[in-house]
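The values are calculated or read from the model by the stated rules, or taken from the named source; none is laboratory data. A quick note: this is a predicted structure, and the numbers were derived from the prediction, not measured. Cβ placement follows ideal geometry from the backbone for every residue including glycine, while neighbour counts extend to all protein chains displayed. Note: areas computed on protein heavy atoms with side chains; ligands, DNA, RNA excluded. Shrake-Rupley method; radii C 1.70, N 1.55, O 1.52, S 1.80 Å.
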Amino acid sequence: MSKRQTKKKTKKRAKNKPQELIRTDVWDLKATPEQKKNMILTIEEYRKFLNPLVIIVNSQWVNLADLASKERINAVEKMIHQTADNPSPKHKYFQNAINKYPSFRKFPSYLRRAAIADALGIVSSFQTRYRQWQSGDRNHRQARPPSLTACCNSYPALYKGQHVKYHNNYQLVDIKVWNGTDWVWINCIPVKKHGLNRHLVEGNKIKSPALVVNKRTCQLSMCLEVHPGNIEDSDFVCSVDMGINNAATASIVGKDGTVKARKFINPARDIDRRNKRRMMIAHKSKQTRNITKSDLSKGFCKGLYRKSANINLQISKTVARGIVEFAKTAQVLFIVFENLEGWKAKAGRKGTLQKQKFHLWCHRKIVELVANRWMELGGKIVFINPKYTSAYAFDGSGKLRRDKTNYSLCRFKTGKRYHSDLNASYNIAARYWYAVIMGDDHFSRVFDGKSCNDTLRTPVTLGTLRSLVAA
């Protein structure tokens, strides 16, 4: 067999191999104040060790850039670490750091390699951004060059067996920490929460976690290699319309135009909590401007803005979870969204409630969360062109009219009143199925009315799909 044939076979195997995903779960630890103090000392010791490494790696980057990842770590370790086989390391700069901090002589070897890998990642990122700046890839003409940050607030990676041990079905963990004089084990630390419990899923593999401890949190950032599940293809898809009045409207639509199920996902309570804080900010800013007769100071209503943003993130997570559960229950392979990337609302004057609604619309975050979770379960995400999905009636009667008092409702030309978002979700699924039946995989290009290669100029609706299947 020739080399060319073997290369083709390996490429085919790589394509058929399921894609490996990396996800992170947060494990909350129930540590005592004394244990937490030692963990903070460990992080401080790690950062002290890391800072000179960043400077050394940056100065030697010309020699390190062409090496593989493992070769880079070995080369840097040889530059700084003194052994019997390496009595005189190249960099005296690090020897000065050891003389300044004698505790570095006790620094564990596995943690030293983790710090070297961290420093290599920091310098590699800086060098890439600097080359882009030199080549003219800048946000604006006067953009300053990126700077190398040596004092990094990184957290140490814990190697299994060497720095962290798991007991009792991951309910207890042991962690090796620096207590100020020596490296000691803290045994049987209870774990309060395991995130989404991805470590219990068969096939998932736990990577080295990071110890994240500060004044407010004490947790392990668990990195896992996730193997996607296997969902069988079906003649139904879950189409989702992202709206302002309803956060998401999902429908299960078949290839023949049959609507199997539908669901409105709208966490109204959280939305009211978020809007309440936004109204508080507007009221306070108006009062402050009337009194001071000047612009608002930097950091004005910082706490309210933070709470509003956190509630908005929670809304995104709640909606994304609802979409995934709905699609999972219906046993579909594809979730279909409108391609709204880069879309900006033109409606609403500055300072109005409508403008605020568009500003707080978290449609991209919801799509991102759904895509991450659905791909992890083995599903697929498809985007279609959003043009005319909300403007035309799903029964094929033509353009619809929105209700003047309630924008969530609409009226067809036949006189029928219907929910606008539900109508749009039907048309989204119809557009996907039409492209599948016509043999066109470019869902986001078809039906935009700009290319002469489009199979259809008029908008595709659920009625169009049904007539196509009937024919």
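Could the peptides 213-225, 197-209, 366-378 be put in order, highest first, of the mean number of other beta-carbon atoms found within 10 Å of their residues?
On the way: 213-225: 16.2, 197-209: 14.2, 366-378: 18.8.
The most tightly packed comes first, giving 366-378, 213-225, 197-209.
Using amide H atoms built 1.01 Å from N in the peptide plane, name the residues 5+ places from residue 193, or on other chains, whose amide H lies under 5 Å from its own.
Under 5 Å from the amide H of residue 193 lie the amide H atoms of 28, each far enough along the sequence or on another chain.
Send over the Kirkwood Rh of the chain, from the inverse of the averaged 1/r over different Cα pairs, rounded to one decimal Å.
Working: mean 1/r = 0.0368 Å⁻¹.
Evaluated on the chain, it is 27.2 Å.
When ranked by the protection proxy of mean other Cβ atoms within 10 Å per residue, highest first, what sequence do the peptides 247-258, 48-59 form? Walk me through the intermediate numbers first.
Working: 247-258: 22.2, 48-59: 20.2.
My ranking of the peptides, most packed first, is 247-258, 48-59.
Tell me, what ³J(HN,Hα) does each residue in segment 271-285 have, in order and in whole Hz, if you take phi through Karplus 6.51 cos²θ - 1.76 cosθ + 1.60 with θ = phi - 60° and put x for Gly and Pro?
Once θ is set to phi - 60°, the couplings for segment 271-285 become 5, 5, 4, 5, 5, 4, 5, 5, 5, 5, 5, 4, 5, 5, 5 Hz.
What are the residues whose amide H is under 5 Å from the amide H of residue 384, where those residues sit 5 or more places off or on another chain and H is modelled from the backbone?
337, 338, 339
Report the equivalent ellipsoid semi-axes for segment 56-121 in whole Å, largest first, defined as the square roots of five times the eigenvalues of the gyration tensor built from alpha carbon atoms.
19, 13, 12
When the solvent-accessible surface of protein heavy atoms is calculated with a 1.4 angstrom probe, in what order do 172, 21 fall, highest first? Walk me through the numbers before you get to the answer.
Working: 172 45, 21 15 Å².
In descending accessible area the options line up as 172, 21.
Go through segment 296-302 residue by residue and turn each phi into a ³J(HN,Hα) via Karplus (6.51, -1.76, 1.60, θ = phi - 60°); whole Hz please, and just put x for glycine and proline.
6, 6, 5, x, 5, 6, 4
Which chymotrypsin sites (Phe, Trp or Tyr not before Pro) in segment 281-370 pass both tests, a DSSP loop state and at most 15 other beta-carbon atoms within 10 Å? Let's see the in-between values first.
Values: sites: 300, 305, 326, 334, 337, 343, 358, 361; in loops: 300, 343, 361.
Loop-located and lightly packed - 300, 343.
Which whole-number value in Å² is the accessible area per residue of the chain, probe 1.4 Å?
Numbers: 27790 Å² over 471 residues.
Using a 1.4 Å probe on heavy atoms only, each residue of the chain averages 59 Å².
What accessible surface, in Å², does a 1.4 Å probe find on residue 44, ignoring ligands, DNA and RNA and rounding to the nearest 10?
Here the accessible area works out near 90 Å².
Given a 1.4 Å probe and every protein chain left where it sits, what share in percent of the accessible area of the chain is carbon and sulfur?
Numbers: 13710 of 27790 Å².
That share works out to 49 percent.
Which order do the peptides 82-89, 420-427 come out in when sorted by mean C-beta neighbours inside 10 angstrom, highest first?
Details: 82-89: 9.5, 420-427: 26.4.
Highest mean packing first, the order is 420-427, 82-89.
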